[in-house]
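Comments concern the structure below.
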Ligand SMILES: [Fe+2]
């Protein structure tokens with residue numbers, strides 16, 4: 001009896017080892033609970049994936065260089081094979097700790113090398129852990145500016161520096177927005193104006209100065225990080241808000257349960273978000289490190305709808 005129990009144990013150990021080898025053969029890893037992570041996780045695309053739409057990835061708070069950040073990046077690569085997003089937005093905290101050349105390599109280049117090799121362009125905004133000098137780093141495509149505008153198809157993207165929102169930056173933003181006729185106006189920056197995070201929560205002083213501009217000039221979507229989880233906020237004064245700050249760190253269980261702001265939240269593992277925009281619609285899909293689609297959906301372009309009804 002004892003011998004057969006021992007045999008069972010050996011067989012179970014062998015099975016576990018072979019499962020983990022199989023995951024590794026795919027470039028993935030199996031967690032202690034048996035869940036596949038990173039390259040071994042499943043890929044299930046819910047987006048329309050049309051050639052003429054604007055397709056991008058959003059992730060924040062990435063700069064750790066940890067195994068988990070790498071595993072999430074492996075999954076980004078697998079999704080890129082299925083959904084060839086052209087660029088990626090970084091919503092800050094691109095670099096934790098020291099920011100020497102070796103850190104840029106370990107915490108960014110080594111992690112995202114396969115995406116860089118596939119010509120994915122990263123556009124960064126600065127978080128509270130980021131030095132201003134990052135604006136000169138070629139792979140962050142900031143052109144030496146802490147805040148800047150880029151245009152992709154019919155979508156204008158405004159990278160802001162939410163570490164401070166002085167008169168000069170606000171004036172620049174207002175001038176740009178006032179003359180912007182793009183179908184979509186998207187702002188991305190680090191600190192979330194609305195958040196259900198227990199540690200940080202909504203950045204209300206930032207909100208007070210930028211929200212009036214967003215409303216006045218028809219900004220459609222606001223993308224932020226800082227909180228190490230994912231949250232889709234219920235539309236606020238007609239604007240869509242997302243938080244995707246679990247790219248390198250996770251603050252497990254930090255989203256306040258029952259928050260009136262939350263449309264959907266996920267704080268059980270790290271995640272990134274894929275977005276596809278047509279003139280009329282914004283499609284999104286949020287994927288965890290374990291390959292689970294934790295949120296997805298489609299939102300109409302608010303301004304096109306309102307101008308059609310006017
Ligand atoms: Fe932060």
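Every number here is computed from the coordinates shown, using simple stated rules; none is lab data. Fair warning: this is a prediction, and the values are worked out from it, not measured in the lab.
Can you give me the relative contact order of the range 36-309 as a percent, contacts being Cα pairs under 8 Å and 6 or more apart?
22 percent
Please report how far the C-alpha centroid of the range 77-106 lies from that of the range 225-243, rounded to the nearest whole angstrom.
21 Å
Once you sort the root eigenvalues of the Cα gyration tensor of the range 107-168 as a ≥ b ≥ c, which label holds: rounded (a/c under 1.5), prolate (a/b larger than b/c) or oblate (the other case)?
Cα axes put the range 107-168 in the oblate bin.
Within the range 36-309, what percent of beta bridges assigned by DSSP are antiparallel, to the nearest 5?
Just about 65 percent of them are antiparallel.
If a/c stays under 1.5 just call it rounded; otherwise compare a/b with b/c (prolate if a/b is bigger, oblate if not). Do that for the range 250-302, with a ≥ b ≥ c from the square roots of the Cα gyration tensor eigenvalues.
oblate
Expressed as cubic angstrom per residue, what is the convex hull volume of the alpha carbon set of the range 107-256?
It comes to 121 Å³ per residue, whole-number rounded.
Quick check: the angle from helix 2-25's long axis to the longest principal axis of the chain, C-alpha only, nearest 10 degrees?
On a 0 to 90 degree scale, this one is about 40.
Rounded, prolate or oblate for the range 202-305? Axes are the square roots of the Cα gyration tensor eigenvalues, ordered a ≥ b ≥ c, and the cut-off for rounded is a/c under 1.5.
oblate
With everything on Cα atoms, drop me the angle between helix 167-178 and the longest principal axis of the chain, reported from 0 to 90° to the nearest 10.
Taking the Cα atoms of the chain, the angle to 167-178 is about 80 degrees.
Please state, to two decimals, what the Cα-based radius of gyration of the range 65-193 comes to when divided by 2.2 N^0.38 Å (N = residues).
1.09
Compute the projected area of the convex hull of the Cα atoms of the chain, averaged over all viewing directions, and report it in nm² to one decimal place.
With every direction weighted equally, the projected area is 18.6 nm².
Note the angle between two axes, namely the Cα long axis of helix 67-82 and the longest principal axis of the Cα atoms of the chain, as a number of degrees from 0 to 90, rounded to the nearest 10.
Between helix and principal axis, roughly 70 degrees.
Given only helices, namely DSSP H runs of n ≥ 4 each adding -39500 (n - 2.57), what is the per-residue ellipticity at 222 nm of the chain, to the nearest 500 deg cm²/dmol?
For the chain, the value works out to -8500 deg cm²/dmol.
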